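Asker: One structure, as structure tokens, below. Some questions next.
The values are calculated or read from the model by the stated rules, or taken from the named source; none is laboratory data. It should be emphasised that the depicted structure is a prediction, and the values quoted were computed from it without experimental measurement. Glycine gets a Cβ as well: all are built from the backbone with ideal geometry, and neighbour counts include every protein chain shown. With ligands, DNA and RNA removed, areas are computed over all heavy atoms of the protein, side chains included. Shrake-Rupley method; radii C 1.70, N 1.55, O 1.52, S 1.80 Å.
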Amino acid sequence: MDSHRPPPLDRGTQRKVLVADDDPSTRQFLSGALLSLGFDVSLAVDGADALRQARAIRFDALILDCRMPHGGAIEILPNLHASIDAASAGVPAFATSAEVSPILRSDLEMVGFIGVIEKPCKIASLKIALEAALGVDSRLDVLDDAKSLLATGDLAIVRSLRALLRTELLELRSELHTLAHNPAVLIDRLHRLRSACGFCGATRLGEQAKALQGHVVESRHAAPAVVERFRREVEATIAALVSGH
């Protein structure tokens, strides 16, 4: 069996993230964390600065604080979407806040935010949030034969398990829309899928499932853009499994 590596998912160049926060220490932490994760980071000090940059530059993601001079997250994103020629209109956006009430979370979702990152946040949480929306490292193999053989020790077992995985993914693809509206069931399904991916060497799908799982746990829902990113990885894995038989 050969390793299968389809074209990268939006990782042709270093990805750009705009961080907007009026607190210098928060900007410094988020900037350092994102740089350590391999992102190119631009900083904005208030709402007006964030809107100006997002209109002029195409970012891959926006991280906007809820409370800033000249407009917080909930004011910035609708203004950006209303700008016909805004370079970053429609890109994944996250809000940050030290206090996230259910009402605020709902209001942010209504205007288009994928999720809310509660401050102070951990680098691991930031990584999962961005991977859920933008995709995991495309340098990972879709199918890693060495890992699957290490996990099972037998080529025939690998082939049998991958046949089962393909059947499972075909079912998951047809059920994904329904599962997206049932977070508890989706989380359980993703947990089981990650185990199957480990035995089959479906490295990238396993990581994307982990990111989606983390997103659902944190956000208490599955944002359509995040589900679509996961679906693309499911499709890539199905294609690799088919071509490998």
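Asker: A98 is checked against (1) touching an Asp or Glu at 6+ places or on another chain (Cβ under 8 Å); (2) surrounded by 15 or more Cβ atoms within 10 Å (Cβ to Cβ); (3) free of Cβ contacts under 8 Å to residues at least 60 places away in the same chain and fails just one. What number does that condition carry?
Answerer: Evaluating A98 over (1) touching an Asp or Glu at 6+ places or on another chain (Cβ under 8 Å); (2) surrounded by 15 or more Cβ atoms within 10 Å (Cβ to Cβ); (3) free of Cβ contacts under 8 Å to residues at least 60 places away in the same chain leaves (2) as the failure.
Asker: Quick check on the range 14-48: of everything there that is within 17 Å of the chain's Cα centre (by Cα) and part of a loop (DSSP other than H, G, I, E, B), which residue is modelled with the lowest pLDDT?
Answerer: Among them, the one singled out is Q14.
Asker: Could you list, in sequence order, all residues of the range 202-224 that are open to solvent by 50 Å² or more (accessible area, probe 1.4 Å) and either assigned to a helix (DSSP H, G or I) or touching an Asp or Glu at 6+ places or on another chain (Cβ under 9 Å) (or both)?
Answerer: E207, K210, V217, E218, P224
Asker: Another one. Of I157, I187, which residue is within 27 Å of P92 (Cα to Cα), without any contact (Cβ under 8 Å) to a residue 40 or more places away in the chain and surrounded by fewer than 21 Cβ atoms within 10 Å (Cβ to Cβ)?
Answerer: One residue alone meets the criteria, I187.
Asker: In contact (Cβ under 8 Å) with a residue 60 or more places away in the chain, over 15 Å from V17 (Cα atoms) and of a type in the set (D, E): does that describe D144?
Answerer: Taking the combined requirement at face value, the residue satisfies it.
Asker: Consider D144 carefully, then state whether it is open to solvent by 20 Å² or more (accessible area, probe 1.4 Å), under 22 Å from Q208 (Cβ atoms), at pLDDT 90 or above and not β-branched (V, I, T).
Answerer: Against the criterion (open to solvent by 20 Å² or more (accessible area, probe 1.4 Å), under 22 Å from Q208 (Cβ atoms), at pLDDT 90 or above and not β-branched (V, I, T)), D144 qualifies.
Asker: May I ask you to say which residue of V111, V91 is open to solvent by less than 20 Å² (accessible area, probe 1.4 Å), closer than 23 Å to L212 by Cα and either modelled with pLDDT of 95 or more or among the hydrophobic types (A, V, I, L, M, F, W, C) (or both)?
Answerer: V91
Asker: Inside the range 131-141, can you point out the residues that are assigned to a loop (DSSP other than H, G, I, E, B) and open to solvent by less than 40 Å² (accessible area, probe 1.4 Å)?
Answerer: Once the filter is applied, which keeps residues that are assigned to a loop (DSSP other than H, G, I, E, B) and open to solvent by less than 40 Å² (accessible area, probe 1.4 Å), the range 131-141 yields G135, V136, D137, S138, D141.
Asker: In this structure, does R58 turn out to be open to solvent by 60 Å² or more (accessible area, probe 1.4 Å) and modelled with pLDDT of 95 or more?
Answerer: Taking the combined requirement at face value, the residue satisfies it.
Asker: What is the residue count in the range 190-199 for residues that are of a type in the set (K, R) and either farther than 17 Å from V142 by Cα or surrounded by fewer than 13 Cβ atoms within 10 Å (Cβ to Cβ) (or both)?
Answerer: Counting residues in the range 190-199 that are of a type in the set (K, R) and either farther than 17 Å from V142 by Cα or surrounded by fewer than 13 Cβ atoms within 10 Å (Cβ to Cβ) (or both) gives 1.
Asker: If you don't mind, there's one more thing I want to ask. Looking at the range 170-177, is at least one residue over 23 Å from E109 (Cβ atoms), over 22 Å from the mean Cα position of the chain (by Cα), at pLDDT 95 or above and of a type in the set (S, T, N, Q)?
Answerer: Checking the range 170-177: not a single residue is over 23 Å from E109 (Cβ atoms), over 22 Å from the mean Cα position of the chain (by Cα), at pLDDT 95 or above and of a type in the set (S, T, N, Q).
Asker: Another question about this same structure. Among (1) closer than 18 Å to V226 by Cβ; (2) part of a loop (DSSP other than H, G, I, E, B), where does I128 come up short?
Answerer: Among (1) closer than 18 Å to V226 by Cβ; (2) part of a loop (DSSP other than H, G, I, E, B), I128 violates only (2).
Asker: Here is a follow-up. Restricting attention to the range 226-236, does a residue exist that is in contact with a strand residue (DSSP E or B) (Cβ under 9 Å, 6 or more places away or on another chain), farther than 26 Å from S97 by Cβ and surrounded by 20 or more Cβ atoms within 10 Å (Cβ to Cβ)?
Answerer: yes
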